[in-house]
Amino acid sequence: MTQTSATILRDTFGFDRFRADQEAVVDLLSRGENALVVMPTGAGKSLCYQVPALLLDRPVIVVSPLIALMDNQVAGLQVNGVAAAAIHSGLSREQQVDNWRAFASGACRLLYLSPERLMTERMLAAIEKLDPALIVIDEAHCISKWGVSFRPEYEQLSVLYDRFPNAAIGAFTATADDATRRDIAQKLFRGQGRILVQGFDRPNLTLAVSTKRNWKTQLQDFLEDKRDASGIVYCLSRKFSEEVAEFLCNDGFRAIAYHAGQDPGLRVANQNRFMSEEAVVMVATIAFGMGIDKPDIRYVCHLNLPGNMESYYQEIGRAGRDGLPAETLMLYDLSDMRMRRQFIEQDGEDEVHKLREHKRLDALLAYCEASGCRRTALLSYFDEEAAACGNCDNCLQPPQLEDGTADARLLFSAIRQTGQMFGGAHVIDVLRGAETQKIADRRHNALDCYGAGAGHSKEYWNAFIRQAVAGNYLTINIQKYGALQLTDRAKLVTEGAQEFALRRIEALKPAKTKKAPKAKPVEVADGDKDLLASLKALRLTLAQDRKVPAFVILHDTTLNEIAHTRPATLDEMASINGIGPRKLEQFGQAFLDVVAAG
């Protein structure tokens, strides 16, 4: 019988149907078309190229940035009965040779490589002889200098389009604004392909931001009902991550510090513990994150300001990948802002790059100061519109607002009169009537708006601009060096068709932190809790025996379904989502025995 994408999904991976947009991507890649796919974290992008790999009659290469990510993907495929392998520096020479021979002989369908390993002349020449059908670039935002995670070794991948004319190129990322998307598509397939944006919304995440008063008390409040859940606490420095981990351990949490200054062996051990055990808190710098595919992370807390909106989105995106409720909280203060500015200024000699990063940070600060729905502000940054979510701190506990329409009209007028070509600093100078050379050279001191906003400080206008950006009245055009530009919503205010609701601006006075709303716990019937605990214990044992993360064996949602339906036969077990024939063969009877004993 000829296999279809639906039969592979069911018979290999144990799922009855594709999630939203997965099937469209599978069809494109299976037909040999190039595609850049932007999917929110947890949307199931791996299946989008793993299913085509089993449909195509020629080999498939997957380029991935991290050893841990490659190993987890390979382990998951092998558990499902799919022949896959990786070649990387974490394997012995003998293992690498064996894996290559299996791939070259056709015994292995997918080969995972780092960009550094792929982009050697010897490897490229060897792969050319195999005539691959598909080359997949995971974490594709790393190729773009417009993005925030640019990696020089990724830029070399731009030669693949010319070097492998018979191979489709599939690029995947969860984080790419419009400029980054167009840059990726141009580099990887010269624009000759499709760009599919599924969206950036993660409605299961509760979003909250607060000014930092006492991080210990605020963190304890946030974690009050989460002692039985896994989560990540992000810190700006190595020293602070160690301090926070010690604090949480003393408070009875199973907390682990993780940062780049640790011995590599210790980092690997800590990561494996977090991935395999339950109710562990990973207290980490940004060294921890990419490639972490633990589905049951129930919260992400930032104790310092992230570097920009993209980093923030990536980091909170590690929570709730199973689709169940998860919470996020960000604490920030003026010292965080200053530190982030310093990091940017110390980042090399490229002034254009520095300016771009300052503007990205401005956008994050605007999000922090948003007076309306945070989800609306977050998604608008990625050029996506959304109604108020009802699931963020501003929706659940609306801030105190006042009428800022008059000042909004002053600001918007200044931006319009200066041609929508300048960033906030110049616009504010014009509003406040500053006597700068830049203003004089452009004769902006002759404009009607010049000096019209002199009654407010620079700090006030900076905060006002951040709120206007957060509310989608203004956009920051990074490609035009951070120029402020008016949206249709700003025009409505200017024309008197809409008012501007302003979150009260009080200079240097932190707002009182409100307790973040708690996400609803995962629903498990009382009668199923003991059985579920036994099923998780078996899963952990099976995972430790195979030296793989627990979710590679079975996801939490699958265990919940087993506990609820209590299958009595292998046929009944086979009907549960996430259990394919190979997993049924390997683990089915063991889980049935636990159900029978429970």
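Okay, here's what the table says:
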{"read-out": "Virtual spin-label span in nm between Arg489 and Gln3, 7 Å along Cα→Cβ", "value": "4.7"}
{"read-out": "Estimated inter-spin distance, Arg117 and Ser237, nm [label 7 Å along Cα→Cβ]", "value": "3.7"}
{"read-out": "Cα-based shape type of region 205-396, given that a ≥ b ≥ c are square roots of the gyration tensor eigenvalues and the cut on a/c is 1.5", "value": "oblate"}
{"read-out": "Dipole magnitude of the chain about its Cα centre (Cβ charges: Lys, Arg +1; Asp, Glu -1), debye to nearest 20", "value": "740"}
{"read-out": "Contour minus Cα-Cα distance for Ala440 and Asp228 (0.36 nm per residue)", "value": "70.1 nm"}
{"read-out": "Residue-by-residue Karplus 3J(HN,Hα) for region 100-116, coefficients 6.51, -1.76, 1.60, Hz, glycine and proline x", "value": "5, 4, 5, 6, 5, 7, x, 6, 10, 8, 10, 10, 9, 9, 7, x, 5"}
{"read-out": "Relative contact order, percent, region 289-385 [alpha-carbon distance under 8 Å, six or more residues apart]", "value": "28"}
{"read-out": "Residue pairs, from the table Lys129/Lys187; Lys359/Lys438; Lys294/Lys359, whose Cα atoms sit over 22 Å apart", "value": "Lys129/Lys187; Lys294/Lys359"}
{"read-out": "Segment Ala568-Ser335, extension gain: residue separation times 0.36 nm, minus the distance between their alpha carbons", "value": "78.0 nm"}
{"read-out": "Compactness of region 5-197, expressed as Rg and Dmax over alpha-carbon positions, Å", "value": "15.5, 44"}
{"read-out": "Normalised contact order of region 5-197, rounded percent, pairs of Cα under 8 Å and 6 or more residues apart", "value": "28"}
{"read-out": "Estimated distance in nm for a label pair at Asp16 and Gln400, the labels positioned 7 Å out from Cα along Cα-to-Cβ", "value": "5.2"}
{"read-out": "The chain: C-alpha pair distances exceeding 33 Å, %", "value": "49"}
{"read-out": "Förster radius 51 Å - calculated FRET efficiency between Ser105 and Phe247, Cβ distance, rounded to 0.05", "value": "0.40"}
{"read-out": "Per-residue HN-Hα couplings for region 262-275 [Karplus 6.51, -1.76, 1.60; θ = phi - 60°; Hz; x = Gly/Pro]", "value": "7, 4, x, x, 5, 4, 4, 5, 5, 5, 4, 5, 4, 6"}
{"read-out": "Paramagnetic label zone (point 7 Å from Cα along Cα-to-C-beta, Asn577; backbone N under 20 Å) in region 1-32", "value": "5-26"}
{"read-out": "Percent RCO, i.e. relative contact order, over the chain, from Cα pairs under 8 Å lying at least 6 residues apart", "value": "14"}
{"read-out": "Reduced Cα scattering model of region 526-597, Debye log10 I(q)/I(0), q = 0.25 Å⁻¹", "value": "-1.22"}
{"read-out": "Difference of contour (0.36 nm per residue) and Cα-Cα distance, Gln589 to Gln192", "value": "138.0 nm"}
{"read-out": "Protection-proxy order for peptides 199-211, 5-17, each taking the mean of Cβ atoms within 10 Å per residue, highest first", "value": "199-211, 5-17"}
{"read-out": "Whole-number Å³ per residue for the convex hull built on Cα positions in region 402-502", "value": "90"}
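FYI, it's all coordinate maths here, none of it is from the lab. The model shown is predicted, which means the values in this text are computed figures rather than measured ones. For neighbour counting, all protein chains shown are included, and Cβ atoms are generated from backbone atoms with ideal geometry for every residue, glycine included.
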